[in-house]
Amino acid sequence: MNMPPNLHELDTFAAVARHRSFRKAAAERGVSASALSHALRGLEERLGVRLLHRTTRSVTPTEAGERLLARLDPALREVADALADVTALQAVPAGKVRLNVPRPAARLLLAPILARFAAAHPRVQVEVVTDDGLADIVGAGFDAGMRFGESLAGDMVAAPVGPPQRFVCVASPDYLAARGIPRTPRDLLGHACIGRRFPSGNLYAWEFQAEGQPLRIDVSGPLLLDDDVLMIQAARDGAGIAYVYEAMVADDIAAGRLVLVLDAWSAMPSRFFLYYPGRRQLPTALRALVDFIKS
């Protein structure tokens, strides 16, 4: 008689089905993709049903796999929460924390504190995945994420991180000398603007405020980028006007490499929040990180 699947096998299947990739699930677990593939084949043989469609390009759950995943996911989260409740009794924080964080937030807010947190909590491992999309942190297996407050789901617990962040328009002195200084946001329509595309594919309309009312401008220009560091370098090199986090260009403005324009029209700053699913008791590793950030 075949032995029933154990929790490790079911969790492995859920990870592969969730990621739709043996490689990504293997990287998350620190094992080889071939080991996961072998384990999944054994699980399917014992259950007598195919759970995954496999091709050289993709991995997708079968109908049976989708049904199993739908029932497993909440059950596995319950098990994880139960284990978290037990480990929360540890006197010394320990374990792993997986964070999904936009690249600017990682650079501005996490980078300055990670070394200090690691020194203070040597038994905690922090994994930071930079992602400018709006990820489903629960579905993707993250413990917490970081977003602006206005984009948070209502069922999440959130803690503010760092000061409010403001977006500003900047350009090089040479560019402004050649093309002139925009006096109102609508003047940007006659300028070379360094555009921003979100991971969703949407183009970002630059946000301002006029007499307390929001104003959005659909800009255009020779460059369309998805990374603030590239935008800032392009602006320094005279490619056009960039719309970026003020904290990331403060040194360039102070040194005269970039000039702030349309400052009086800047939109109200927004704040990043560390967020995570509501639980009765947080794992000690995540609680330590939340408390460290708050302090």
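The values are calculated or read from the model by the stated rules, or taken from the named source; none is laboratory data. Please read these numbers as outputs of a predicted model, since none were measured by experiment. All Cβ positions, glycine included, derive from the backbone under ideal geometry; neighbour counts span all protein chains shown. For the accessible areas, the whole protein counts, side chains as well, though only heavy atoms, and no ligand, DNA or RNA atoms are used. Shrake-Rupley method; radii C 1.70, N 1.55, O 1.52, S 1.80 Å.
Considering region 1-54, the qualifying helices (runs of 4 or more DSSP H), each wholly inside and each with 3 or more residues that are without any contact (Cβ under 8 Å) to a residue 24 or more places away in the chain and among the hydrophobic types (A, V, I, L, M, F, W, C), run over 22-29. Beta carbons closer than 9 Å, at least 6 apart along the sequence or on distinct chains, pair a first residue in region 256-274 that is under 16 Å from Asp174 (Cβ atoms) with a second that is at pLDDT 95 or above and of a type in the set (D, E, K, R) for Arg257/Arg236; Arg257/Asp251; Leu258/Arg236; Leu258/Asp252; Leu260/Glu246; Val261/Arg183. Can you pull out every residue in region 195-217 that is assigned to a strand (DSSP E or B), at pLDDT 90 or above and either open to solvent by less than 90 Å² (accessible area, probe 1.4 Å) or touching a helix residue (DSSP H, G or I) at 6+ places or on another chain (Cβ under 7 Å) (or both)? Across region 195-217, the qualifying residues are Gly195, Arg196, Trp206, Glu207, Phe208, Gln209, Leu215, Ile217. Candidates in region 218-242 are the residues that are assigned to a strand (DSSP E or B) and touching a Lys or Arg at 6+ places or on another chain (Cβ under 7 Å); of these, the one that is nearest to Gly180 (Cα to Cα) is Leu224. Within region 191-227, if we keep just the residues that are under 16 Å from Ile241 (Cα atoms) and aromatic (Phe, Trp, Tyr), the residue that is nearest to the chain's Cα centre (by Cα) turns out to be Tyr204. Checked against (1) open to solvent by less than 50 Å² (accessible area, probe 1.4 Å); (2) closer than 24 Å to Phe13 by Cα; (3) not β-branched (Val, Ile, Thr), Ala105 meets all criteria but (2). The residues listed here are Ile113, Ile181; of these, the one that is out of contact with any helix residue (DSSP H, G or I) (no Cβ under 6 Å at 6 or more places or on another chain), among the β-branched types (Val, Ile, Thr) and closer than 30 Å to Gly238 by Cβ is Ile181.
Within region 39-53, can you find the residues that are farther than 15 Å from Ala15 by Cβ and not small (Gly, Ala, Ser)?
Arg41, Glu44, Glu45, Arg46, Leu47, Val49, Arg50, His53
For Val170, the conditions (1) open to solvent by 10 Å² or more (accessible area, probe 1.4 Å); (2) in contact with a Leu (Cβ under 8 Å, 6 or more places away or on another chain) all hold with the exception of (1).
Do we have Pro122 as in a loop (DSSP other than H, G, I, E, B), closer than 24 Å to Leu223 by Cβ and open to solvent by 30 Å² or more (accessible area, probe 1.4 Å) here? It is false that Pro122 is in a loop (DSSP other than H, G, I, E, B), closer than 24 Å to Leu223 by Cβ and open to solvent by 30 Å² or more (accessible area, probe 1.4 Å).
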